[in-house]
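Reviewing the structure listed below.
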Amino acid sequence: MNAYHVAVVGATGAVGNEMVKILEERKFPVSRLTLLASERSIGKELKFNGELHPIQVLNEKSFAGIQIGLFSAGGSISQRFAPIAAASGCIVIDNTSAFRMEPDIPLVVPEVNPESIGMYKNRGIISNPNCSTIQMVVALKPIHDAVRIKRIVVSTYQAVSGTGKKAIEELIEQTRALMNNREPEIKVYPHRIAFNCLPHIDVFLDNGYSKEEMKMVNETKKILNDPSVAVTATTVRVPVLFGHSESVNIETGKKITADEVREILSRAPGVTVVDDLKRNKYPLPIDAAGKDDTFVGRIREDESIENGINMWIVSDNVRKGAALNAVQIAEILVRNYL
Ligand code: NAP
Ligand code: 3JN
């Protein structure tokens, strides 16, 4: 089997760090690993396959000889460096929103549209969707294939790890401060996140929605390759460390029962159904954290409309929502295209 020179851009971040772990866990064929971050990380090292790898400072020359680049250092870094990497022959799998909606760049969730990966040849870049979109489409695609989804109404309950390592520290620190009668410091979010919920993720747009909400709307249509699916979203940050949860209501073209949904999802790739009300079993972020699957429960018919289903979808946002999805894309790339 061939092995590849892989770079992780943003290796010291919440997502990049998880990428390094997942490359090792899944025995991705790495011949050489280059870890890139900012000047702030000079002197740091990360362990991969038992060996310490130094963090190098990202620059224009970083990509010589690199075959696959996993990017998660923010949109502006990807805007600037992904085209430079691609021009030097590195295939970029980009975790940011920088290129997601560009028509000639594939936006891929391996369980949903692996066939789109071949489009990487256009620009040498593959986009990884937003975490909230990924777990939703993993669960909804098999239902869309069975009975066509006409409309999706989603509300999210997103963990602070979605904002990165500083936000994880902020939730822990604010909780500690409040439990010790100290004034919590507010640095990352506009308001306190400990013991609170913020209906505000990413910036607000002119239409009154947040950018996170519009990412869910637009990315879902692109991944399902179906602009006719109507999507509306409310995205909320909650004081959870790892694992995004979503309350999802769908209206379908054909009637489908809750039992049929359970049956379809029990066979769906990347999905585990956890739905046993008698035993108080439903998906929880603390159970999804550290796991690969998307967990679906509370599946029930929406009695307020003719063809409607409600469900609760939970997944580890840093794994399936970002790092794992990117590595799964890389696995298909090397298996089928390189
Ligand atoms: P994070 O924990 O704050 O980490 C940011 C990473 O980017 C760090 O490694 C940081 O390096 C690096 N970085 C920042 N500025 C840089 C620069 N000028 N040059 C080189 N490296 C730089 O954030 P995160 O949660 O890992 O997220 C990182 C990005 O991934 C986000 O901005 C977002 O675009 C994307 N993301 C995507 C999803 C998704 O839904 N698919 C989810 C979360 C994040 P230092 O440690 O040296 O500062
Ligand atoms: O907030 C979350 O739970 C997910 C955050 C994702 C994110 C954070 C900063 C910048 C993104 C993203 O992946 O959409 C971006 C971005 O690249 O726009």
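Looking across the stretch 288-318 at every residue that is within 16 Å of ligand 2 (Cβ to nearest atom) and in contact with an Asp or Glu (Cβ under 6 Å, 6 or more places away or on another chain), the one that is nearest to Val112 (Cα to Cα) is identified as Ile313. In the stretch 48-77, which residue that is in contact (Cβ under 8 Å) with a residue 60 or more places away in the chain and outside any strand (DSSP E or B) is nearest to Lys215 (Cα to Cα)? Among those residues, the one meeting the criterion is Gly74. Of the residues screened, Lys121 is not one that is closer than 30 Å to Ile305 by Cα and surrounded by fewer than 24 Cβ atoms within 10 Å (Cβ to Cβ).
A quick yes/no check of all residues on (1) hydroxyl-bearing (Ser, Thr, Tyr); (2) in a loop (DSSP other than H, G, I, E, B); (3) free of Cβ contacts under 8 Å to residues at least 40 places away in the same chain; (4) within 10 Å of ligand 1 (Cβ to nearest atom):
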site	(1), (2), (3), (4)
Gly89	no, yes, yes, no
Ile93	no, no, no, no
Thr96	yes, yes, yes, yes
Met101	no, yes, no, no
Val109	no, yes, no, no
Val112	no, yes, no, no
Val137	no, no, no, no
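Could you please let me know if Leu198 is in contact (Cβ under 8 Å) with a residue 60 or more places away in the chain, away from ligand 1 (no atom under 13 Å from the Cβ) and not basic (Lys, Arg)? No.
Name the single residue, out of those in the stretch 22-43 being of a type in the set (D, E, K, R) and within 16 Å of Ala73 (Cα to Cα), that is surrounded by the fewest Cβ atoms within 10 Å (Cβ to Cβ).
Glu39
Filtering the stretch 141-156 for residues that are within 16 Å of ligand 1 (Cβ to nearest atom) and either in a loop (DSSP other than H, G, I, E, B) or of a type outside the set (Val, Ile, Thr) (or both) leaves an empty set.
The residue that is nearest to Asn325 (Cα to Cα), among those in the stretch 244-303 that are aliphatic (A, V, I, L, M) and loosely packed, with under 15 Cβ neighbours inside 10 Å, is Ile286. Filtering Val20, Val8 for residues that are in a strand (DSSP E or B) and within 22 Å of Gly290 (Cβ to Cβ) leaves a single hit, Val8. Taking the condition aromatic (Phe, Trp, Tyr), away from ligand 1 (no atom under 16 Å from the Cβ), surrounded by 13 or more Cβ atoms within 10 Å (Cβ to Cβ) and under 30 Å from Ile126 (Cα atoms), does Tyr209 pass? Yes; evaluated as a whole, the condition is true for this residue. Being more than 16 Å from ligand 1 (Cβ to nearest atom), surrounded by 18 or more Cβ atoms within 10 Å (Cβ to Cβ) and not in a loop (DSSP other than H, G, I, E, B) is a condition met by no residue of the stretch 176-186.
Among the residues of the stretch 304-324, those identified as in contact with a strand residue (DSSP E or B) (Cβ under 9 Å, 6 or more places away or on another chain) and buried (at least 19 other Cβ atoms within 10 Å of the Cβ) are Gly308, Ile309, Met311, Trp312, Ile313, Val314, Ser315, Asp316, Asn317, Lys320, Gly321, Ala323.
Laboratory data are not the source of any read-out in this text; all were calculated from the coordinates shown. This one's a predicted model, so the numbers in the text were calculated from it and none came from an experiment. Reconstructed Cβ throughout: ideal geometry from the backbone, glycine too, with neighbour counts over all protein chains shown.
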